[in-house]
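As structure tokens, the structure follows; a few thoughts come after it.
The values are calculated or read from the model by the stated rules, or taken from the named source; none is laboratory data. Quick caveat: nothing in here was measured; it's all calculated off a predicted structure. A quick note on method: Cβ atoms are made from the backbone with ideal geometry, for glycine too, and the neighbour counts reach across all protein chains shown.
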Amino acid sequence: MRLDVDNLACRRSGRRIFAGLTFSVGEGGALAVTGRNGAGKSSLLAILSGRLRPDGGRIAIADVGEASLPECLHVVGHRDGLKSALTAGENLTFARDLLGAPRLVPREALERLGLAHAHDLPVAYLSAGQRRRVALARLLVCARPLWLLDEPTAALDTASQEVLAGLMAEHRAGGGLVIAATHQALGLRDAMELRIDRAGPEQAAAPTDADGEDWL
């Protein structure tokens with residue numbers, strides 16, 4: 001799969017949020033979207049997911065047959081999108097049945113996130129970090145090539161952040177794509193950075209620190 005975005009623009013409540021965003025993400029690729037609060041990072045993900053209509057520009061996908069872009073992606077946003085009265089396992093079963101292309105059963109997905117013990121617990125009883133891990137487990141119950149992640153490490157401890165980095169690396173190794181809006185390092189090696197700021201969008205290779213470690 002390849003995602004091509006050309007000269008994308010966004011307007012909300014009559015105000016231009018960004019314009020001129022152009023990038024491509026191909027098989028096994030990753031893009032970290034950075035910038036100040038309110039720059040339009042979440043709006044970009046909303047446009048890519050089909051929840052928000054762009055003000056201009058073009059989005060195209062290649063090598064996915066007859067599928068449309070929404071059928072090819074997973075979204076994990078600021079809100080976890082979980083039903084508090086349902087158990088963790090029931091939430092994942094619902095997502096698996098709704099989205100199709102089943103991969104792991106809910107218990108296996110939760111185990112990968114270190115939450116196998118929460119399978120039969122109502123989500124209302126879980127901490128913010130545990131709820132976040134349940135939301136991330138949706139990525140594993142269905143096979144979809146494009147992951148759109150909005151601040152995916154929110155509420156996660158260091159160990160869980162490392163697990164997420166491993167899952168993203170595994171997904172990319174299988175040809176999957178990751179686009180993540182973030183304010184902090186995600187462990188996305190060899191990722192491109194798309195920075196959105198008042199001066200306009202800038203795309204560059206991932207910067208490195210003085211020790212040569214990947215910043216993203």
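Residues that are over 17 Å from the mean Cα position of the chain (by Cα) and at pLDDT 95 or above within the range 27-52 are absent altogether.
Among the conditions (1) over 18 Å from the mean Cα position of the chain (by Cα); (2) closer than 27 Å to residue 43 by Cβ; (3) outside any helix (DSSP H, G or I), the only one that residue 80 does not satisfy is (1).
Among the helices (runs of 4 or more DSSP H) confined to the range 104-188, the ones with at least 2 residues that are among the hydrophobic types (A, V, I, L, M, F, W, C) and touching a strand residue (DSSP E or B) at 6+ places or on another chain (Cβ under 7 Å) are located at 128-141. Listed by position, the strands (runs of 3 or more DSSP E) enclosed by the range 1-74 that each have at least 3 residues that are surrounded by fewer than 17 Cβ atoms within 10 Å (Cβ to Cβ) are 2-12, 15-25, 56-62. Taken over the range 88-130, residues that are of a type in the set (Ser, Thr, Tyr) and under 21 Å from residue 154 (Cα atoms) amount to 2. If the condition is being small (Gly, Ala, Ser) and either under 14 Å from residue 36 (Cα atoms) or in contact (Cβ under 8 Å) with a residue 40 or more places away in the chain (or both), then the range 176-192 contributes 176, 180, 181, 191. Set side by side, the residues 173, 135, 205, 143 differ, and just one is more than 23 Å from residue 38 (Cβ to Cβ) and modelled with pLDDT under 95, which is 205. Here are 52, 82, 73, 98: which of them is touching a Leu at 6+ places or on another chain (Cβ under 8 Å) and either outside the structural domain of residue 135 (by TED's automatic domain parsing) or over 21 Å from residue 195 (Cβ atoms) (or both)? Only one candidate passes the filter, namely 73.
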